[in-house]
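Below is one structure; the comments refer to it alone.
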Amino acid sequence: MRRESDAVSFVGLGYVGLCTATVMASKGIKTIGVDVDEKRIEELGKGHPPFHEPQLEQMLKAAVRKKRMEFTTDASRVAQANTIFLTVGTPSRDDGSMDLAYVKKATQNVGSAIAESPSYHLVVIKSTVIPGTTIDVVRPVLEAASEKLIGPEVGLASNPEFLAEGSAIKGTLQPDKIVIGAFDTKSGATLTKLYRRIYSKINIPTIVTDPTTAETIKYASNAFLATRVSTINTIANICQRVPNADVETVAKAIGLDPRIGRLYLKAGPGYGGSCFHKDLQALISFSRSLNYDPLLLAAVEKVNQRQASEIVNLSKKLLGSLDNRRIAVLGLAFKKDTDDIREAPSLRVIDELLKNGASVSAYDPMALENARRVLPEKVELLPDAISCLKGADCCIVMTEWDEFRRLRPNDYKSSMRAPNIVDARRIIKRGDLNGFNYMAIGLGTSSP
Ligand code: UGA
């Protein structure tokens, strides 16, 4: 690919990098994807994504076919693009704080790549990074490696991402907002112009601010969402102990209040995924480093960790002791439409079931392969829901897959040893459940 004045480049082709790059390519923008993982690059060149995400494969294949996307391990190729997005991972250290090694390395590579380039390049930090990182860490590393002045010669901006797994493509095609934390006016104008091209037909609210505020917006967003989940789970746990109370009706009613709103009020087994827990831990650790103890955020995390026990306790209410009982776990992914099991509540629940002496069978439509890598051998993974239910004393529905909504009462009855169901996602219609012993998250009849 020769240097295209409007080309973009992505360094780090994980979830955020690949999904965003693919959507930009689908809008006709030349895109160069860089990653250190050779196998990944080879597969991407054939149009094969490394994870499941609705619509991604089809869109990626089309972009590769039309030669709008190229993939390489050679970081110096980023100099062919005038806007360079950094989308590398920001893993946690053991104390919850953020490890910026990949961000620093990627910045160094980008800096060296553009050192000889006569053109203006804009470097955009899309990875989730602690407030202050773009200015205090990226800027000096980029300046040293490129030997150029940030501002007039090289642009710099923070541009956090808000896409959610399972709806990443949809969310990127029509985001609810764009946040641009610009180092200077030129950086802000360059990025705004790129987004105007991408979203030429729709008007997306755009917040232009400084890099540190933009970085903070990302953490505030995940902190609020996680807080909502832990709040509704707390209400659910209270409802469960009050005969006849039902968290579903409570959530529906309070969601009608425009000050509250209806989203993220679904009680369940606790949040999972690669973001909420990691980002909360990073924010807590950052906040403590500033001598402020963020009590609320620590409580949000604690409620979430404990939620697995609430689910296991429901099965204990049905069975008494779990020792030598067979429990069928339906769903391993941290939510539907993804094969991702990172921080999945199913893992916490299975761990506790095993500690209580239960034997566990499990099934997931997409996450079996990933689950096999982390679950102990004694957890039996089965290829479909019916074989998973076979001989079970109790079934726990852990992920809200549509496939599980379609299971009929007879599917359970004909396979299980006893008709005990724990619905951790509230997906089973209660009218269907004649003859079942049914316990569900946030449902008062579940009280002892
Ligand atoms: C989350 C945010 O929603 C994105 O905006 C953000 O960009 C992303 O993190 C990130 O930082 O990269 P994600 O983790 O993919 O996205 O998934 P969510 O749909 O937010 O779900 C997170 C967890 O909360 C799931 O386990 C889900 O089951 C749970 N959840 C969500 C509930 O238990 N109840 C709800 O009402 C909503």
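The values are calculated or read from the model by the stated rules, or taken from the named source; none is laboratory data. From a predicted model like this one, the values you see are computed outputs, not experimental measurements. Neighbour counts are summed over all protein chains in view; Cβ atoms, including those assigned to glycine, are modelled from backbone coordinates with ideal geometry. To get the accessible areas, we keep the full protein, side chains included, count just its heavy atoms, and leave off ligands, DNA and RNA. Shrake-Rupley method; radii C 1.70, N 1.55, O 1.52, S 1.80 Å.
Results, tabulated for the structure shown:
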{"quantity": "Surface share of carbon and sulfur [accessible, 1.4 angstrom probe, percent] for region 335-382", "calculated": "48 percent"}
{"quantity": "Helix-only mean residue ellipticity at 222 nm for the chain, each DSSP H run of n ≥ 4 adding -39500 (n - 2.57), per residue, nearest 500", "calculated": "-12500 deg cm²/dmol"}
{"quantity": "Segment Lys177-Lys193, extension gain: residue separation times 0.36 nm, minus the distance between their alpha carbons", "calculated": "4.3 nm"}
{"quantity": "Of all accessible heavy-atom area on region 218-295, the percent that carbon and sulfur account for (1.4 Å)", "calculated": "65 percent"}
{"quantity": "Among Thr134, Thr185, Thr20, residue whose mean-square fluctuation peaks in a GNM of the chain (springs only between Cα atoms under 10 Å)", "calculated": "Thr185"}
{"quantity": "Contour excess over end-to-end distance, with Cα ends at Asp257 and Arg405 and 0.36 nm allotted per residue", "calculated": "50.4 nm"}
{"quantity": "Pairs beyond 24 Å (Cα-Cα), from Lys67/Lys148; Lys266/Lys429; Lys316/Lys390; Lys30/Lys193; Lys302/Lys335", "calculated": "Lys67/Lys148"}
{"quantity": "Extension gain, Ser167 back to Ala62 (0.36 nm per residue minus Cα-Cα distance, nm)", "calculated": "35.9 nm"}
{"quantity": "Surface accessible to a 1.4 Å probe, per residue, for the residues of the chain, Å²", "calculated": "44 Å²"}
{"quantity": "Electrostatic dipole magnitude of region 348-448 [Cβ: Lys, Arg +1; Asp, Glu -1; Cα centre; debye, to 20]", "calculated": "240 debye"}
{"quantity": "Charged-residue dipole, Cβ positions (Lys, Arg, Asp, Glu), the chain about Cα centre, Debye nearest 20", "calculated": "1120 debye"}
{"quantity": "Aspartates and glutamates with Cα under 12 Å of Lys126, excluding same-chain neighbours fewer than 8 positions away", "calculated": "Glu161, Glu215"}
{"quantity": "Magnitude of the charge dipole, region 107-262, Cβ model with Lys/Arg +1 and Asp/Glu -1, debye to 20", "calculated": "620 debye"}
{"quantity": "Separation in nanometres of the label points that stand 7 Å from Cα toward Cβ, at Asp136 and Lys413", "calculated": "6.3 nm"}
{"quantity": "Residues in region 191-228 that a label on Lys27 would reach, taking backbone N under 14 Å of a point 7 Å out along Cα→Cβ", "calculated": "191-207"}
{"quantity": "Shape category assigned to region 51-205 from the gyration tensor of Cα positions, a/c cut at 1.5", "calculated": "rounded"}
{"quantity": "Within the accessible area of region 1-129 (1.4 Å probe), percent carbon and sulfur", "calculated": "47 percent"}
{"quantity": "Fluctuation leader among Tyr292, Tyr219, Tyr264 - the chain, Gaussian network, Cα springs under 10 angstrom", "calculated": "Tyr292"}
{"quantity": "With all protein chains modelled, accessible area of Glu161 [1.4 Å, Å²]", "calculated": "30 Å²"}
{"quantity": "Debye-sum result for the chain in log10 I(q)/I(0), which assumes one identical scatterer on each alpha carbon, at q = 0.06, 0.07 Å⁻¹", "calculated": "-0.29, -0.40"}
{"quantity": "Taking the C-alpha atoms of region 196-337, convex hull volume expressed per residue in Å³", "calculated": "184 Å³"}
{"quantity": "Sequence-separation-based contact order of the chain, relative, with Cα cut under 8 Å and 6+ spacing, percent", "calculated": "12 percent"}
{"quantity": "Residue-level accessible surface for Cys239, protein heavy atoms, 1.4 Å, Å²", "calculated": "10 Å²"}
{"quantity": "Pair-distance profile P(r), taking every C-alpha pair of region 224-288, with 5 angstrom steps and integer %", "calculated": "4, 17, 23, 21, 15, 12, 6, 2, 0"}
{"quantity": "Rg(Cα) / (2.2 N^0.38 Å) computed for region 158-257, rounded to two decimals", "calculated": "1.47"}
{"quantity": "Estimated inter-spin distance, Val242 and Arg430, nm [label 7 Å along Cα→Cβ]", "calculated": "1.5 nm"}
